[in-house]
Amino acid sequence: FPTVAFALYSGTALIGLITLGGRLVGSRGTSRYGPPSVRFLGWLLALAVLLQGFIQSQTLAAWLAMAVVVPVILIAQYRQLRTPGMGWSLRRRVAIGGACALVALLLVANSALLSHRAGIDADRTREPPSGAVTDAARSSFDQRWHLLLFGLEQWRERPWLGWGADVTDELIASGDRPQLRLESGRLLRHLHNTYLEVLVQFGVLGFTLFALPMLALLAGLRRASKERRIPADLSLFLGGALLFTLLWCLIDYRVVHHDWRVYWVLLIGSAYNLVLKWPLSDTPMPRGGSGSR
């Protein structure tokens, strides 16, 4: 996959490890996955591999999106732990301490890469004094800024019904703007913004049809979580993964690729199933999920 797409998938997996780790690490006794110590080491190993891959993607916007989502998840988990029956057990303290130490170690080990990646866009975004099109007009943020302006111009020409499906690359080619080219000289093929793509291709009416089912699903997920009809950890995972995906859609457009379709069907299908079909009985689920003891 392209690095931006890998950042989405590895980031979602990281959210899963953070929110659902209690099911693997928090359960007592030996299970089919081994004793608690083996499960904890396996969880730490998976966390390290995914976090390292996420950092190596060098997708700055995805890093920023994760920086928004993870604090929200941690605050929600902290509030869950303060509920009756959800104390800070020794196993939970060790797991949290080990995870924090691992994350800090990886961030320190990759500090040069992180600062270098952030510095590239900071340096290239500065406008040259002459106003000429140089590398400063080809940083990732600058490219997206010019694509945003171009997309809004195209949308204002046909605001209600749009230009039609899969025409963005033709619009970019017809504009023939140097700011919309890569350093190699090749034109960009899409607007790197899912919401803007939908607006340009299908207009306000199409965007409304795109947004309403998502808003209804998010409202249903929130309602089911408040009514304790689904496990709290699953609700937190789906909410965090959806928030991360919606933020990621601000920086890329991948809905026409098969890998995105599989990812989206799995994520939305899981949310739909849990919201509308869980549980078979009317018994409320415990706030911590099946792994919280």
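The values are calculated or read from the model by the stated rules, or taken from the named source; none is laboratory data. Quick caveat, the model's predicted, so the values are computed rather than measured. Reconstructed Cβ throughout: ideal geometry from the backbone, glycine too, with neighbour counts over all protein chains shown.
With respect to VAL72, determine if the residue is closer than 30 Å to PHE237 by Cα, at pLDDT 90 or above and among the β-branched types (Val, Ile, Thr). Steps first, answer last, please.
On the way: closer than 30 Å to PHE237 by Cα: yes; at pLDDT 90 or above: yes; among the β-branched types (Val, Ile, Thr): yes.
The answer is yes for VAL72.
All but one of (1) assigned to a helix (DSSP H, G or I); (2) at pLDDT 90 or above hold for LEU250; state the number of the condition that does not hold.
Condition not satisfied by LEU250: (1).
Does SER27 meet the test of being at pLDDT below 85, surrounded by fewer than 18 Cβ atoms within 10 Å (Cβ to Cβ) and in a helix (DSSP H, G or I)? Full working, then the answer.
Values: at pLDDT below 85: yes; surrounded by fewer than 18 Cβ atoms within 10 Å (Cβ to Cβ): yes; in a helix (DSSP H, G or I): no.
Answer is no for this residue.
So, in segment 224-245, how many residues would count as being farther than 16 Å from ILE75 by Cβ and free of Cβ contacts under 8 Å to residues at least 24 places away in the same chain?
1
When you go through GLY11, GLY42 one by one, which is the residue that is buried (at least 17 other Cβ atoms within 10 Å of the Cβ) and either at pLDDT below 75 or of a type outside the set (A, V, I, L, M, F, W, C) (or both)?
On the way: GLY42 fails: buried (at least 17 other Cβ atoms within 10 Å of the Cβ).
Only one candidate passes the filter, namely GLY11.
If you take the residues of segment 164-215 that are in contact (Cβ under 8 Å) with a residue 40 or more places away in the chain, closer than 14 Å to GLY151 by Cβ and outside any helix (DSSP H, G or I), which of them is farthest from the chain's Cα centre (by Cα)?
So the residue we want is LEU188.
For segment 54-75, which residues satisfy the criterion of being of a type outside the set (S, T, N, Q) and surrounded by 17 or more Cβ atoms within 10 Å (Cβ to Cβ)?
Passing the criteria: PHE54, ILE55, LEU60, ALA61, ALA62, TRP63, ALA65, MET66, VAL69, VAL70, ILE73.
Please specify each residue of segment 150-209 satisfying the condition of being among the β-branched types (Val, Ile, Thr), surrounded by fewer than 16 Cβ atoms within 10 Å (Cβ to Cβ) and at pLDDT 95 or above.
If the condition is that a residue be among the β-branched types (Val, Ile, Thr), surrounded by fewer than 16 Cβ atoms within 10 Å (Cβ to Cβ) and at pLDDT 95 or above, then VAL204, THR208 are the ones that fit.
Here is a yes/no grid of residues against (1) at pLDDT 65 or above; (2) farther than 21 Å from ASP176 by Cβ:
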site	(1), (2)
ILE96	yes, yes
ALA101	yes, yes
LEU107	yes, yes
HIS116	yes, yes
ARG124	no, yes
GLU127	no, yes
ASP135	no, no
ARG138	no, no
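Among the candidates ALA241, ALA224, single out the residue that is assigned to a helix (DSSP H, G or I), modelled with pLDDT of 90 or more, touching a helix residue (DSSP H, G or I) at 6+ places or on another chain (Cβ under 7 Å) and surrounded by 15 or more Cβ atoms within 10 Å (Cβ to Cβ).
Values: ALA224 fails: modelled with pLDDT of 90 or more.
Just a single option satisfies the conditions, and that option is ALA241.
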